[in-house]
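First comes the structure, then the notes that go with it.
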């Protein structure tokens, strides 16, 4: 397994991410994103390659407010699940958050509440999100909000 950032990858990285998240978008587990949205935010992503194939990804958007960052588009391909990859991916995202001076990360989830709680995230209220993110929150999706403090000792 090899983790990498998109800075050292091929030009079609955005397409590979799109292909990886599409099954989860169809299951309504991840919000849809366009190739352009992914490409414009390509440096947000941490990727995991296994046998030359992209098997996991997650983005970290620095909200620039209150030292918060949003974890989004966290996906592990079906064939790579149940191998601890999502936890490894989260560790890499937390390292990225630390490097980017993000002091608290949050994630929205409808389907993986137990996983986030297992990873020492704490449920939080929507009102604790940065104002810009609150304005974009889709109440109809009925997502829960989870946060975790970013600290070296947690990595």
Potential lengthening between residue 149 and residue 103 on full extension [0.36 nm per residue; Cα-Cα distance subtracted]: 16.0 nm
Relative contact order for the stretch 2-154, counting Cα pairs under 8 Å that sit 6 or more residues apart, in percent: 19
Angle between the chain longest axis and helix 13-26 axis [Cα atoms, degrees, rounded to 10]: 60
Dimensionless Rg ratio for the stretch 64-120, taking C-alpha atoms and the 2.2 N^0.38 Å reference: 1.18
The chain - Rg over Rh from alpha carbon coordinates, Kirkwood radius: 0.93
Calculated FRET value between residue 65 and residue 12, using beta carbons and R₀ = 35 Å, to 0.05: 0.60
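Computed from the coordinates by the stated procedures, all read-outs in this text should not be read as laboratory data. Only a predicted model underlies this, so the values are computations on that prediction, with no experimental measurement involved. With ideal geometry, Cβ positions are generated from the backbone for all residues, glycine too; neighbour counts draw on all protein chains shown.
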